[in-house]
Structure formats: structure tokens, C-alpha cells
Amino acid sequence: MKAAHQGRRAIVYLGRELAQAASVLLGAYTVSFVAIHLLPSDPITNFLVDNGMALDPDTIAKMKLYYGFDRSAYEQFFTQLWGIVHGNLGYALSTGRPVLQDLSDVLPSTLRLAGASLVLTLLLTFSIVTTASLTNIKWLNRTVYALPPLFSAIPTFWLGMVLLQVLSFRWRVLSLFPDGSWMSLLAPAFVLSVHLSAPLSQVMLKSVDAAWQQPFVNAIRAKGASRSWVYFRHSLKYAAGNGITVLGLLVGGLLAGAVVTETVFSRLGVGRILQDAVANQDIALVQAFVLIIAALYVVVNFAVDLLYPLLDPRIVMDRDQPTEAGMI
Amino acid sequence: MTTKFGRRSALAGMATTALMTATGSSRAAGETPVYGGTLIFADVQLIYTWQLQAGGRYNIGNGLNQIVDCLVYQEPGTGKIVPWLASSYAINDDATVFTFKLRDGVTFSDGTKLDVNWVKANLDQAGLGDEQKGIPQNYDFQGYDRTEILDDHTIRIVLKHPNRYFIVALSYATSGFVAQSTLDKSFKDQARPQSIVGTGPFVFQSEVPKQEVVLVRREDYRWPPQGAQNPGKAYLDKIVFREIIEEGIRTGALQSGQADVVKGIQPSDETLLEGQGFRIYGQRPLLNVTDQISIRVDNKLVSDRNVRYALSIGINRRELVDTVLSKSYAPTTALLLKDSPGYVAFDKELAYDPDKANALLDAAGWVRNAQGIRVKDGKQLCLSVAASSQSSAVKPAMEFIGQQWRKLGVVLINRAGDDTFMNQSSESPEVPLRIFRPGLTSGLVGVFGYPNGNTSNNTTTLHSDPALEALFKEDLATLDPAKQLQLLTDIQKKLIVDYVYTIPVYEASQTYGTSKRVHIAFNSNTLPIFQNTWISPA
């Protein structure tokens, strides 16, 4: 009886999540569609000028017909949506290849960058939070607390340039052109992770601070547990929930940061392609990116939701019941 | 994405001197060239298409020029047209028929022979386009009618109307010859570097999409242009083409030895690099227009000649070049580059005169508001300018001009370097100012007129002027130098002074920086000749 009830609850939960995911994707599609159509440029002119063709009214008309740009925005919206629902993301105007093919070419490079910067972000955050929590040295503590705002204030572009200046031009340990070496991955990943670790470590610092105020900490301390024992065994775990929420939201930051980092470090990746696609108003390509990013968001945040109960048993899956854990 | 001075613009060029020139520089101090080495060339943008007709931008020409050869070659310095794949050529009296005798023994890198049939097939595809394959007409081939094969060694190109500039167009890399395997491909497929099979000194070896292209020397190459310094195969083993989008990083790449040659040095970095022992080459195409701000005269803000003239005399050209540019640039009041035939300057008429400029704007009814900005009929005199990213000088130059115009009560919105904006401005009169340097392969009709009555081609002024166009066409058929000069003087006075359709500002350069060990050569069109480039041992 209880198992059946739980099963039903899980299905309702899953259904709700899926419906939510679908509406997020539809929303992302709609907003990006409108945004692109509001841009004061037109993809055909761009394509013709880039390819050295005269702006011949005849050619323009033919191309518009071919790519369906002669139809009303309303009609384009639904035709494109219909295609997407059926797994057809269309063709990139600039390369003439299926959008998915263009994407899959560059995705691995960006995933490597994202993966490396995620690891670095976690390392940076962990070092900051641990130092802040455990040190007794006043100036060190103050310095560490000042890092997240500083990290968030440093422009990614600027940091990338400085890093190139030092590593590549002065010390010559980093090639300007990605050569597949560890350094050529670590440098841009570091730049990204500085940007990403700012919000994450800020939230973690606050959450760990909040953990110290919890009654259970007093109880454990009273039993004689050391500060570091409490920190590693309890406070971190207590704060991790909030950290993971932020981490889920950082997917967007990762991509926005990739546009800049990939340009500065001459890396080919999703960010670079996306930038070109927007500049060229390559509608199908931009839409596909937006949808994939939105899908990624949905998946990551769904995973985050599933992780909560594991970290804090007080959180239950059914959102109708109030949770007891005090999330800040 | 980055300039295009518009495609035609990009590869323009005929007549004389490149500024610091070119071929001469590689033989300084009697050094003997050595074979071997890989040259890393970092450009402002990677070559995104290798399709010949689409290759009007400088960065694309930089690649094409190593892979294909042309019928004729224009000597840097003299501007003389000399034989290349043709062993001799002749032009008829009204510049409508061009006859070529082919050189013997030329082969494509796939082993096939270049014969009259292939020359014709190439010229037809360039001149007529191929709708089925999606290939447009080569912009420089306006008025192309047909190619006739006279015998096994001779062909004749016939134009529908006179064009004395056409012979120069045939020397451009975009008029190079490709093998059957390339010609048979569609527009999209020809765009890939592995598709381009030419007769040139280098052949495609490998590509990392959007990151690098590697060309390797062709060992049996022995047909450079007549009088070439290197009569045989290239000195370099390989060339690696890469891109560095950021200007500052390009300078750093050269300084740190990560690139042997970089294109697009910021004017402010030139002295620094030279002081550190690097070489700077400022290259100007031989037949081209100066960097001039062309005006969309039908735009209401600038439809009054007085306003346009005020803008022109409101620029202190000397101060501009001394302040934000470098010795690779020169102030000018002419439409054509100093070494182009038909050059005439209007120094007196365009002398800097802010008082007169202010008076003209007052007279035109533009009154200053509280912020000092001129207003008429509720509209501010607020002008946007479009320019591509291929020249490093345009942006700082326009920044400077904006400051000078602000003193006149005119606001300049500087969109130089924004290629998307540039593309969009091609046919939008909403953008009143545009810096654009179309090539002169159709004469001035290709710059300020409507070749073939095609209304979509004049992207400079977006304005039709039948009287001027008649003069442009007369120039195309005029082969007598004295008469040419008279005509061109008349035309330029109208464009620059009488009507003020355009504001010449400075003579631009395509700037290259190289390490001391690199001995580089350039053609008349600013493109490096890597066949005649070598690296001296460390």
C-alpha cells in the first residue's frame, strides 16, 4: 500500500518535471525566436556580402524562398517548431550543413573546457571555503572572504589577456594556438573557473557560516568534536545543498564565459560558433544552441533536485509537503 | 568576423608603388635565400571560403595567392602588366577584346595539364557564373561576354562593353585557374581548402576546421610571373595559416615568436615593434581608392551639399595621421592613391577650416542645442559610420574624426570594425556614412555608379547620377593617358568638391609585421608572395 503510494508520487513528480522541462524549452525557443527577429540585420544580406556576391534583388528573393524567409514570422515560428519536434533542427546558413553536424563538431572541445573548469571551480571554492572556515589567522581570513567579490569583479576577457601576456608572451609555457597540451586547456579553464567560483564560493561561505549557528553543531562541539571535524563531517554537507543549487545555475555562466574565453584563447567551441551565429543571424544555428543550452539547464537542475534528498534526508520529493530544512 | 572593405574592394589594385614595397625588400643586403622551414602566418581572420569568386577579402586572397596562378601579373612598383600563365597578351583599341597566348608545360597539382579548354572553362565560370552549382559571377568580370579558343595556344576574351581595367582584374588571385576537379564542384564544395587544385607554388596539405590550414610546397613548380626573383619552387617547406582575432595578441604573437608573420598591426604598435627589431610592411594596392567616407546622399541628414562639405573641411587630416596613425598612413584629399594613374589631390579645396564648416552648418539651418549638438526639424545631426574590421586604422581614425566633428556640433557614432553592421549597411540608406574601398576593376563606375544598370551594386552612395555615370563609362573606353587624366580630374572634382559624395581622409595600408629572419615579398595587391619568401637560419 505504502509502496504503491510512493510509486504514484514518483510518477506524478516525474510528470510534473517533464511538463516543466517542456515549457522551459518552448519558452526558450520563443524568446530566442523573437529576439533574433528583432535584430536590425538580415541573414541573407550577410551571407551574400560574406561570399562576395552582388546584392542582386533576384538572388535575394531566391534565397529567401529557399530558406523560407519569405514567409511571415508567425508561419516561420511554427514551421521551425514542427521541424524541431520531429528532430530536424534545420541547416546552418553559413556552412550549409545540418545544424547538428556543426554542433557535434565543436561540442567535445567545449565539454572538455567546461569539465576542466568545473573541476577547477570546485577546487578553488573548496580551498576558499576551507581556508576561511579553519584558519585562525585574521588577515588570511579577511583576504579569503574578499576573494569571491574580487573574482566576480574581474572581467573574464581581461584576465584571459593577462594570462596570455604572462604565460604565453613572457614565460612562453603556453601556446597561443591550442595545441592539445594540458596548459592550453588549463589556462582558459582557469579563467572560466575564476568567474564561476565567485558566486559558488560566496554562497558556500555564507552557508557554512550558517551551519555554525545550527543547534546540532553546538551539540557536537559540546561532545568534544574539533572545529575541523565538524567542518568536514557536518558543515560542508549542510552547505552543499545550496552550493549544488548554484552549481546548477552556473551552466549558463559556463557558456557565456566560453564565448569570451574561446575567443581570447583562439579555441574552437560552442561559444565561438554561437558568437558567429548571432553575428550572421544564422537563425537555425542560434535556435539549436539555445534549445540545447535550455535542455542542459533542465537536465542539470533536475539532477540537482534529485540530489537534494541524498544530501539532506529532511527534504522529500513531494513539494506539496512543506520541507523542514531551512534553506537560505 | 571581421573586413571586408567589401569584396571588390578588398583585392583591388593597379598601378604603381606599394609603399614600403614589396618585392624589393626581400633581397636586402645581398643575402642568399635558403630553402626550408615552416612559416606561421597569423591573419585577422581565418580563410572561411576558398571559392575563387567569393575570395574578395584580403585574408582570403592571402591564401588563394599561394595556390593559384593567373594569366598576367602586375609588377609592384611599376604597375606594369607582365605575362604569367600567358606568354604574351594583346588588348584591342577600345578595350573590349583581350587576346592571350598560353605558356607551355603548366600543370595543376593533380597532374592534369592547363590547356586552352581549361582556361576557357575557368573564365566562363568566373565571367558567367554557374547557376546550377550556385556559383555567382566574379565581381571583377562585369561585362564579360565570352571566351573564344583561337588555336591550341591562343584564347580571346570578349567583353560586352569597353573596360580598360579588366586586364588588372585578370592579375588578381580571384581570377586564378583551378583544375577540372575543382570546377566541377558546387559553390559550397569549392569553398573547402581541400577542393582547390591550382597550378600555384603551394598545395593544400591539412586543415583543422576554423583553426588552421597547412599548405605545403609544390616541388615541380617552375612558372612564376615573368621577371620573378625566384624562378622555381618556393623556398619555404610549409605555410601554416592561423587566425588571431585580438589586435594586441597579434603583436604579442610576433614578439614571442609564436608567429613569423602577422597581419593587421595596430598603428600604435608599429614603432614599438620596429624598436624591438621586427619589420613592419605597410602595403597599398596599386589601383585603388583611398580610405574615404562615402556618403549616402539621399539620407536626409546629409542630403544638403553644405553639410557634406562642412564635414569634409571639418577634418584636420594631417593631425589625424600624426596623432592616431603611423608612417604607414598618409593624409590625402584625393580619391585615388598617389601612385594610381589619374591621381589628383584637392588640398586647397579641402583644407581644414572649422570656421567655414561652422558657418556652412549654420547656413544649412542646423542650430546648436544646449549640449552644443546641432538640431534641425527636431532631429540631431547624429551620424553613424560603418567600416569593416580588416584595417586596424579605421577605428582610431574615426574616433579622432568624431572628436573633431563634435566641435562642429556633429555627433559621430563609430561602428567601425563591426562587420555585421558593415554588411547590413551595404544597402541601407539609414547608415549615412560608410568607409568602403571597392576595387577599380570596373573603373569608377564600380565605385560610384551602377555597372550594367544593376541598381544593387552601388553601395557607396546608394544614389544614381546619370551624368556622372556617362563620364565613368567614357573613362572605361579611354586608352589615351592624357585624355584619361583629364577625364578623371573632372570626375574626381565633381565627386569630392562639387557634389561632395565622398570625403577622402587618408591612404590606408595593410600592415604586416615579420620577425627579422623572415624575408617576405608582396604583390601589387598587398598579398604576400610566399613563393618568394624565406627564413634565414637562426
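Listed values, structure above:
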| read-out | value |
| --- | --- |
| Cβ charges +1 (Lys, Arg) and -1 (Asp, Glu), total dipole of region B:288-349, debye | 80 debye |
| Reduced Cα scattering model of region B:46-183, Debye log10 I(q)/I(0), q = 0.11, 0.18, 0.22 Å⁻¹ | -0.37, -1.06, -1.63 |
| Taking N as its residue count, the alpha carbon Rg of region A:169-272 over 2.2 N^0.38 Å | 1.51 |
| Cα coordinate range in region A:24-107, projected on the principal axes (Å, largest first) | 41, 31, 22 |
| For A:Ala284, net neighbour charge (Lys/Arg +1, Asp/Glu -1) across residues whose Cβ lies under 11 Å away | -1 |
| Coordinate range along principal axes, alpha carbons of region B:287-411, Å, largest first | 44, 27, 26 |
| Tail beyond 29 Å, pair distance distribution of chain A (Cα, percent) | 53 percent |
| Reach of A:Lys206 by Cα under 20 Å, taken over lysines that are not fewer than 8 positions away in the same chain | A:Lys138, A:Lys237 |
| Convex hull volume per residue in cubic angstrom - Cα atoms of chain B | 139 Å³ |
| Options B:Ile293, A:Ala22, B:Asn92, ranked by Cα towards positive dipole end of the protein assembly as shown, top entry (Cβ charges) | A:Ala22 |
| Region B:321-475: equivalent-ellipsoid semi-axes (sqrt of 5 x gyration tensor eigenvalues, Cα, Å) | 27, 20, 18 |
| Solvent-accessible ranking of B:Asp124, B:Asp110, largest area first, probe 1.4 Å | B:Asp110, B:Asp124 |
| Most positive-pole-ward Cα, B:Gly105, B:Leu360, B:Thr478, against dipole of chain B from beta carbon charges | B:Leu360 |
| For region B:308-375, alpha-carbon Rg and Dmax in angstrom | 14.9, 48 |
| Separation between Cα centres of region B:260-317 and region B:364-425, rounded to whole Å | 15 Å |
| GluC sites (Glu not before Pro) within region B:206-257: DSSP coil, no more than 15 neighbouring Cβ in 10 Å | B:Glu219 |
| Distance histogram for the protein assembly as shown (every C-alpha pair counted, 20 angstrom bins, percent rounded to whole numbers) | 14, 41, 31, 12, 3, 0 |
| Residues of type lysines that B:Lys185 reaches as a straight line, Cα spacing below 24 Å, ignoring anything fewer than 8 places off in the same chain | A:Lys62, A:Lys64, B:Lys113, B:Lys120, B:Lys133, B:Lys210 |
| Charge dipole (debye, nearest 20) of the protein assembly as shown; +1 at Cβ of Lys and Arg, -1 at Cβ of Asp and Glu | 2740 debye |
| Rg followed by Dmax, in Å, when region B:159-219 is reduced to its Cα trace | 14.7, 44 |
| Semi-axes of the equivalent ellipsoid for region B:75-143, Cα gyration tensor, largest first, Å | 22, 20, 12 |
| Karplus-derived HN-Hα couplings along region A:274-288 (A = 6.51, B = -1.76, C = 1.60, θ = phi - 60°), whole Hz, x at Gly and Pro | 5, 4, 4, 4, 5, 4, 8, 6, 7, 4, 4, 5, 4, 4, 4 |
| Overall Cα dimensions of region B:462-519 - principal axes, largest extent first, Å | 53, 28, 18 |
| Cut-off under 5 Å, modelled amide H: who pairs with B:Ile40 long-range | B:Val240, B:Asp260, B:Val261 |
| Coarse-grained scattering of region A:83-211 at q = 0.10, 0.18 Å⁻¹, given as base-10 log I(q)/I(0) from a Debye sum over alpha-carbon atoms | -0.48, -1.00 |
| Normalised per residue, the volume of the convex hull around the Cα set of region A:1-141 (Å³) | 245 Å³ |
| Test item: B:133-140 mean partner chain Cβ contacts at 10 Å | 2 |
| Relative frequency of Cα-Cα separations exceeding 14 Å in region B:388-446, percent | 62 percent |
| Counted charge near B:Tyr499, where neighbours are those whose Cβ lies closer than 12 Å (Asp, Glu -1; Lys, Arg +1) | +1 |
| At least 40 Å² of accessible area lost relative to the chain alone, listed for region A:165-189 with a 1.4 Å probe | A:Phe169, A:Arg172, A:Leu176, A:Phe177 |
| Binned Cα-Cα distances of region B:441-538, short to long, each 10 Å bin given as a whole percent | 13, 32, 24, 17, 12, 3, 0 |
| Count of lysine pairs in region B:254-412 with Cα separation under 24 Å (8 or more residues apart, or interchain) | 20 |
| Distant-in-sequence amide H partners of A:Tyr91 (H built 1.01 Å from N, under 5 Å) | A:Val99 |
| Accessible area (Å², per residue) of chain B, counting only protein heavy atoms and a probe of 1.4 Å | 33 Å² |
| As computed over region B:337-391, the Cα convex hull volume per residue (Å³) | 166 Å³ |
| Counted charge near B:Val216, where neighbours are those whose Cβ lies closer than 9 Å (Asp, Glu -1; Lys, Arg +1) | +2 |
| Residue-by-residue Karplus 3J(HN,Hα) for region B:524-538, coefficients 6.51, -1.76, 1.60, Hz, glycine and proline x | 5, 10, 6, 7, x, 9, 6, 5, 10, 10, 9, 10, 6, x, 4 |
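The values are calculated or read from the model by the stated rules, or taken from the named source; none is laboratory data. Here the structure is a predicted model, which means the values were calculated and not measured. Because the Cβ atoms are built from the backbone with ideal geometry, glycine has one as well, and the counts that use them run over all protein chains shown. When the accessible area is computed, the model is the full protein with side chains, heavy atoms only, and any ligands, DNA or RNA have been set aside. Shrake-Rupley method; radii C 1.70, N 1.55, O 1.52, S 1.80 Å.
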